[in-house]
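Have a look at the structure below, then the notes.
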Amino acid sequence: MKNKKKTALITGASQGIGKAIALKFLNKGIRVIGTSTTQNGVNKINKYLKNNGFGLILDLKNTNSISEKIKEIYKKVYFIDILINNAGIKSDKLLIYMNNKEWEDIIKVNLTSIFYISKEIIRSMIKKKEGRIITISSMIGYTGNKGQVNYSTSKAGLIGFHKSLALELASKNITVNIVAPGLIKTNFIKDLNIFQYKKYLSNIPMKRLGTAEEIANVVMFLSSEKSSYITGQTLHVNGGMYMS
Ligand SMILES: NC(=O)c1ccc[n+]([C@@H]2O[C@H](COP(=O)([O-])OP(=O)(O)OC[C@H]3O[C@@H](n4cnc5c(N)ncnc54)[C@H](OP(=O)(O)O)[C@@H]3O)[C@@H](O)[C@H]2O)c1
């Protein structure tokens with residue numbers, strides 16, 4: 001598998017936005033390494049990748065495993081050209097009812113893991129003076145939301161991380177950006193009840209949810225040469241629900 005083809009690492013590629021990004025990369029001839037927390041998820045990834053990369057088990061709650069997993073990848077590929085930090089979780093509750101684990105797990109998966117992964121990946125990007133880092137955040141990191149203190153904090157923390165890392169890596173020809181979706185039709189929002197759904201919808205000027213593909217299109221742009229002078233930015237993709 002060690003040849004000149006570009007390689008992208010996508011966390012959480014078994015479904016939803018991660019899978020949509022992976023399929024776009026495949027179309028562009030970019031090899032994908034996609035992660036899931038389960039073997040079933042890895043099997044799904046391997047099925048759609050059809051040997052244009054591979055699936056890998058990675059649980060971002062286990063931050064100590066990240067370094068080993070990245071080493072495992074580098075045994076099979078020379079270089080990761082594009083890092084897509086996509087995996088994310090939520091566990092919604094008013095702060096008064098939120099327990100420590102519900103706080104810590106969300107911060108670990110959505111924020112702390114990005115530190116561990118980026119640190120491993122940027123070493124070789126710096127040597128090669130080339131690379132793209134794109135993280136899927138959320139509009140909620142910019143607006144806040146009742147019942148999402150943990151989630152909102154984790155996504156807001158990404159802003160400082162990406163701006164600072166973008167400054168550190170700008171002279172190395174490595175761009176570091178965020179894509180912040182609004183409400184996107186994936187399993188992530190399947191627990192919304194009809195009342196919550198209608199309330200959210202009434203706040204979307206385009207009067208519809210976004211699709212995973214619409215997020216993937218923006219990620220493709222930020223991964224491409226066409227975005228070579230953009231770094232430290234957030235691109236909001238939310239049907240007009242929030243304007244920065
Ligand atoms: N959908 C939305 O409305 C929306 C809005 C704003 C932001 N986002 C963000 O978009 C990103 C993708 O969300 P999505 O809508 O595609 O959600 P999704 O369909 O639920 O997919 C989430 C992915 O994350 C992976 N994942 C879950 N827990 C993980 C863990 N502990 N370690 C590693 N990977 C884990 C899952 O892998 P397995 O289940 O296979 O293990 C899955 O592939 C997230 O960061 C989310 O915060 C989504």
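The values are calculated or read from the model by the stated rules, or taken from the named source; none is laboratory data. Predicted model, so just to flag it, every value in this text is computed and none were measured. Every residue, glycine as well, gets a Cβ built from its backbone with ideal geometry; the counts of neighbours run over all protein chains shown. The protein model used for the area step is the full one, side chains on, heavy atoms only, and it has no ligands, DNA or RNA in it. Shrake-Rupley method; radii C 1.70, N 1.55, O 1.52, S 1.80 Å.
Looking across the range 111-148 at every residue that is hydroxyl-bearing (S, T, Y), in contact with a His (Cβ under 9 Å, 6 or more places away or on another chain) and not in a helix (DSSP H, G or I), the one that is farthest from E225 (Cα to Cα) is identified as S137.
Checking the structure you have, find out if any residue of the range 64-73 is within 16 Å of V219 (Cα to Cα), touching a residue at least 24 places away in the same chain (Cβ under 8 Å) and surrounded by fewer than 17 Cβ atoms within 10 Å (Cβ to Cβ). Among the residues of the range 64-73, not one is within 16 Å of V219 (Cα to Cα), touching a residue at least 24 places away in the same chain (Cβ under 8 Å) and surrounded by fewer than 17 Cβ atoms within 10 Å (Cβ to Cβ), which makes the answer no. Taking the range 34-60 only, how many residues are surrounded by 16 or more Cβ atoms within 10 Å (Cβ to Cβ), within 13 Å of the ligand (Cβ to nearest atom) and of a type in the set (A, V, I, L, M, F, W, C)? The qualifying residues number 5. The residues on offer are S228, S202, S171, S244, and the sole one that is more than 10 Å from the ligand (Cβ to nearest atom), of a type in the set (S, T, Y), surrounded by fewer than 13 Cβ atoms within 10 Å (Cβ to Cβ) and at pLDDT below 95 is S244.
Screening A87 with (1) hydrophobic (A, V, I, L, M, F, W, C); (2) open to solvent by less than 30 Å² (accessible area, probe 1.4 Å); (3) more than 10 Å from the ligand (Cβ to nearest atom) gives one miss only, at (3). Per the conditions (1) in a helix (DSSP H, G or I); (2) within 10 Å of the ligand (Cβ to nearest atom); (3) among the charged types (D, E, K, R); (4) surrounded by fewer than 18 Cβ atoms within 10 Å (Cβ to Cβ), the sole criterion not satisfied by K19 is (4). If you check M206, M220 for being farther than 20 Å from I140 by Cβ, touching a residue at least 24 places away in the same chain (Cβ under 8 Å) and out of contact with any His (no Cβ under 6 Å at 6 or more places or on another chain), only one passes: M220.
I'm trying to understand the selection: among the residues of the range 156-166, which are open to solvent by less than 10 Å² (accessible area, probe 1.4 Å) and within 15 Å of the ligand (Cβ to nearest atom)?
L158, H162
Kindly indicate whether K108 is surrounded by fewer than 22 Cβ atoms within 10 Å (Cβ to Cβ), within 11 Å of the ligand (Cβ to nearest atom) and in a helix (DSSP H, G or I). Considered against the rule, which asks whether it is surrounded by fewer than 22 Cβ atoms within 10 Å (Cβ to Cβ), within 11 Å of the ligand (Cβ to nearest atom) and in a helix (DSSP H, G or I), K108 comes out as yes.
With respect to the conditions (1) touching a strand residue (DSSP E or B) at 6+ places or on another chain (Cβ under 8 Å); (2) open to solvent by less than 30 Å² (accessible area, probe 1.4 Å); (3) more than 11 Å from the ligand (Cβ to nearest atom), G147 lacks only one, and its number is (1).
For (1) farther than 28 Å from K172 by Cβ; (2) of a type in the set (S, T, Y), each residue gets a yes or a no:
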{"residue": "A22", "(1), (2)": "no, no"}
{"residue": "G41", "(1), (2)": "yes, no"}
{"residue": "I45", "(1), (2)": "yes, no"}
{"residue": "Y48", "(1), (2)": "yes, yes"}
{"residue": "S65", "(1), (2)": "no, yes"}
{"residue": "I80", "(1), (2)": "no, no"}
{"residue": "E102", "(1), (2)": "yes, no"}
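Restricting attention to the range 1-16, the residues being more than 7 Å from the ligand (Cβ to nearest atom) and modelled with pLDDT of 95 or more number 5.
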